[in-house]
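I have placed the structure first, in the form of structure tokens, so that the comments after it can refer back to it.
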Amino acid sequence: MPGPILIAPSVLSADFARLADGVAAVEQAGADAIHVDVMDGHFVPNLTIGPPVIRALSRIATVPLDVHLMIDDADTTVDWYLDAGAQWVTVHVEACDHLHRVVQRIKAYGARAGVALNPATPPELLTEVIGELDLVLVMSVNPGFGGQAFIPSSVDKVSRVAAMVHGAGGHALIEVDGGIDEATAPLVVRAGARVLVAGNAIFGVADPAAGLHAVRAAAETAAR
Ligand code: DX5
Ligand code: ZN
């Protein structure tokens with residue numbers, strides 16, 4: 001699959017008291033987007049940030065905010081995140097009663113529309129919408145927390161999603177989120193992933209720029 005590798009550092013692993021510094025550091029290191037994990041304490045067993053913080057981040061970020069909505073009823077609240085400045089918006093297929101409608105809503109706003117799949121969710125649930133998506137996010141951990149171990153079966157899932165996108169004549173980029181580091185990035189890139197989310201591998205090390213460069217180098221070598 002052609003196309004550049006895009007790296008989206010997840011600020012879930014950054015210092016929440018110094019978010020602007022974290023964003024600036026990874027932007028200077030070449031981040032392509034800033035991944036923002038929204039958790040509601042219902043769809044996932046954790047509670048993180050919401051529209052006010054996204055609005056604040058949108059004022060300082062110079063690359064798109066890649067907003068990952070791990071929330072119930074995204075159908076009814078997606079506008080909050082769009083209004084707050086999210087440029088890429090991903091909803092979970094498991095959490096939307098009206099997936100087609102919410103995807104159209106995101107696109108009508110001029111944002112990129114993504115749909116995420118939990119590890120136990122079959123890609124076939126996306127059959128009817130995959131041709132219209134900008135992103136398919138394959139979760140390679142069960143969502144809720146940073147720093148979890150990569151689930152190996154995610155590699156085959158990325159391959160199957162890539163085949164589905166191709167078969168539908170779609171343009172969606174495949175994004176992978178969870179346990180991405182120097183060792184796992186090449187595996188998912190070879191399977192067709194082009195957007196890599198990394199939290200711990202970037203913000204969990206002493207020098208986030210060096211962490212980002214290491215993930216990118218491993219991914220780009222695998223893409224060649
Ligand atoms: C997990 C979140 C991820 C998380 C990834 O539920 O969706 O974006 O921040 O963190 P790492 O890269 O540490 O697995
Ligand atoms: Zn995420």
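Pairs of alpha-carbon atoms within less than 8 angstrom and 6+ residues apart define the contacts here; what relative contact order does region 89-175 have, in percent? Can you show the working numbers first?
Numbers: 125 pairs, mean separation 25.2, N = 87.
For region 89-175, the relative contact order is 29 percent.
Stretch residue 207-residue 166 to full length: gain in nm at 0.36 nm per residue minus the Cα-Cα span?
On the way: separation 41, 0.36 × 41 = 14.76 nm, distance 3.76 nm.
Full extension from residue 207 to residue 166 adds 11.0 nm.
With the cut-off at 15 Å, report for region 62-133 the share of all Cα pairs above it, as a whole percent. Provide the component values of the computation, followed by the final result.
Numbers: 1225 of 2556 pairs.
The calculated P(r) of region 62-133 puts 48 percent of pairs beyond 15 Å.
Looking at region 22-111 from every direction and averaging, what is the projected area of its Cα convex hull in nm²?
Working: hull surface 22.7 nm².
Mean projected area for region 22-111: 5.7 nm², to one decimal.
Looking at region 131-224, what % of the alpha carbon pairs are farther apart than 20 Å? Show your work: numbers first, answer last.
Working: 1489 of 4371 pairs.
For region 131-224, the share of Cα pairs beyond 20 Å comes to 34 percent.
Given 0.36 nm per residue, what is the gain on full extension from residue 62 to residue 156 after removing their alpha carbon distance, in nm?
Numbers: separation 94, 0.36 × 94 = 33.84 nm, distance 3.37 nm.
In short, 30.5 nm is gained.
Given points 7 Å out from each Cα along the Cα-Cβ axis, report the residue 53 to residue 79 separation in nanometres with one decimal.
Label at residue 53, label at residue 79, 2.5 nm between them.
Given the DSSP H assignment, sum -39500 (n - 2.57) over each helix run of at least 4 residues in the chain and divide by its residue total; what's the result at 222 nm in deg cm²/dmol, nearest 500?
Details: 8 runs with 81 residues, N = 224.
Estimated from H runs of four or more residues: -10500 deg cm²/dmol.
Have a look at the DSSP beta bridges in the chain and tell me what percent are antiparallel, nearest 5.
On the way: 1 of 33 bridges.
Counting DSSP beta bridges with both partners in the chain, the antiparallel share is about 5 percent.
Please report the antiparallel percentage of the DSSP beta bridges confined to region 40-120, to the nearest 5.
Details: 1 of 10 bridges.
Bridges in region 40-120 are about 10 percent antiparallel.
Can you find, among 61, 186, 11, the residue farthest towards the positive end of the dipole of the chain? Put +1 on the C-beta of Lys and Arg, -1 on that of Asp and Glu.
Positive-most Cα among the choices belongs to 186.
Pairs of Cα atoms under 8 Å, at least six residues apart: use those to get the relative contact order of region 6-223, whole percent.
Values: 467 pairs, mean separation 43.2, N = 218.
Once divided by the residue count of region 6-223, the mean separation gives 20 percent.
Roughly how big is region 20-125's charge dipole about its Cα centre, with Cβ charges of +1 (Lys, Arg) and -1 (Asp, Glu), in debye to the nearest 20? Can you show the working numbers first?
Values: 6 positive and 14 negative charges, 70 e Å.
Using only the charged Cβ atoms, the result is roughly 340 debye.
Run the dipole for region 6-223 about the Cα centre, Lys and Arg Cβ at +1, Asp and Glu Cβ at -1, nothing else charged, and hand back the magnitude in debye, nearest 20. Walk me through the intermediate numbers first.
Values: 12 positive and 25 negative charges, 71 e Å.
Dipole magnitude for region 6-223 comes out near 340 debye.
Just 49, 71, 34 to compare: in a GNM of the chain, with alpha carbon springs under 10 Å, which one fluctuates most?
For the chain, modelled as a Gaussian network with Cα springs under 10 Å, the answer is 49.
Of the peptides 75-82, 95-102, 60-67, how do they stack up when ordered by the mean number of other Cβ atoms within 10 Å, highest first?
Details: 75-82: 18.0, 95-102: 16.5, 60-67: 20.2.
Per-residue mean Cβ counts within 10 Å order the peptides as 60-67, 75-82, 95-102.
Applying 1/(1 + (r/R0)^6) with R0 = 22 Å to the Cβ-Cβ distance of residue 104 and residue 190, what FRET efficiency is obtained, to the nearest 0.05? Let's see the in-between values first.
Details: r = 33 Å, r/R0 = 1.49.
According to the calculation, E is roughly 0.10.
Over region 141-191, what relative contact order in percent results from Cα pairs under 8 Å that are six or more residues apart? Numbers along the way, then the final one.
Details: 37 pairs, mean separation 26.3, N = 51.
RCO, region 141-191: 52 percent.
Could you calculate the contour length gain from residue 127 to residue 220, that is, 0.36 nm times the residue separation minus the distance between their Cα atoms, to one decimal place in nm? Before the final figure, lay out each step's value.
Details: separation 93, 0.36 × 93 = 33.48 nm, distance 2.93 nm.
Contour length minus the Cα-Cα distance gives 30.5 nm.
Computed from the mean reciprocal separation of all distinct C-alpha pairs, what Kirkwood hydrodynamic radius does the chain have, in Å? Write down the numbers at each step before the final one.
Values: mean 1/r = 0.0588 Å⁻¹.
Evaluated on the chain, it is 17.0 Å.
Putting +1 on Lys and Arg Cβ atoms and -1 on Asp and Glu Cβ atoms, find which of 44, 210, 222 reaches farthest to the positive end of the dipole of the chain.
Selected residue: 222.
Computed from the coordinates by the stated procedures, all read-outs in this text should not be read as laboratory data. Keep in mind the model is a prediction, meaning the values are calculated, not measured. Cβ: placed from backbone, ideal geometry, glycine included. Neighbour counts: every protein chain shown.
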